[in-house]
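Written below as structure tokens is the structure these notes are about.
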Amino acid sequence: MAEQTAAERDPEAVSKFVEGFAAQLVEAGMQRMPSRVFAALLASDAGAMTSAELGEQLQVSPAAVSGAVRYLAQQHLVSREREPGSRRERYRVHSNQWYEALTNRDAVLKRWELALRVGVDSLGSATPAGRRLSETLAFFEFIDGEIAAMMERWRAHRETLYGDG
């Protein structure tokens, strides 16, 4: 299959991808509108769109786009940037968005680990509840180390595939 340029791309095919991928994200637990906005940004060649562009493509209100972008920014999946010489914002998805989203989970894992340690100390590690909390803590500590090692392997693999860009 020959590669298409953006001008040759079928808007209906793009829309089908956006809605299909968004449906997969919803099935995995993401809210519907953030899923659609994220998929639309991924599918745009620039990787960035204004609220008006997103609203037009997705046939939704500016308020719906705003709420979705706020959620995506909190999850470190998109960033906001000002258009030079304009008050309008563009919303951008980066090629390393999954890496950023996962590595930013580190702070959440650390907070959970701290809370679980307090729980083990409070309930006593010899009690059934304390043992359950202790096992949960060990799981999160294990995951934390595995994610760090996996991210390092990903950085090396990405460098091999795509260079430093």
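Give me the net charge for the shell around Val60: Cβ to Cβ below 13 angstrom, other residues only, Lys and Arg +1, Asp and Glu -1.
Result for the local shell: -1.
Arg9: accessible area at probe 1.4 Å, nearest 10 Å²?
So the heavy atoms of Arg9 present about 70 Å² to solvent.
How big, in percent, is the set of alpha carbon pairs in region 102-165 lying more than 14 Å apart?
Of the Cα pairs, 64 percent sit more than 14 Å apart.
Once R0 is set to 25 Å, what does the formula 1/(1 + (r/R0)^6) return for the Cβ-Cβ distance between Trp112 and Asp45, expressed as a FRET efficiency to the nearest 0.05?
Efficiency at R0 = 25 Å is approximately 0.05.
Got a sec? What order do Asp121, Asp144, Asp10 fall in by accessible area at 1.4 Å, biggest, i.e. largest, first?
From most exposed to least exposed: Asp121, Asp10, Asp144.
Using the Kyte-Doolittle scale, find the helices of the chain whose mean hydropathy is at least -0.5 and whose Cα atoms extend 20 Å or more along the helix's long axis, counting only whole DSSP H runs.
In the chain, the long hydrophobic H runs are 11-27, 105-123, 128-162.
Would you kindly give the portion of the calculated P(r) for region 48-110 that falls above 13 Å, as a percent of all Cα pairs?
65 percent
Evaluate the distance, in nm, between pseudo-label points positioned 7 Å from the Cα of Glu19 and of Arg131 along their respective Cα→Cβ axes.
Modelled inter-label distance: 5.3 nm.
Accessible area, 1.4 Å probe, largest first: how do Val26, Val108, Val93 sort?
Val26, Val108, Val93
For Kirkwood radius over Cα pairs in Å, the choices are (i) 17.3; (ii) 16.5; (iii) 18.7; which was calculated from the structure?
(iii)
The values are calculated or read from the model by the stated rules, or taken from the named source; none is laboratory data. Predicted model, so just to flag it, every value in this text is computed and none were measured. Backbone-built Cβ (ideal geometry, glycine too); neighbour counts: all protein chains shown. For accessibility, only protein heavy atoms count, side chains too; no ligands or nucleic acids. Shrake-Rupley method; radii C 1.70, N 1.55, O 1.52, S 1.80 Å.
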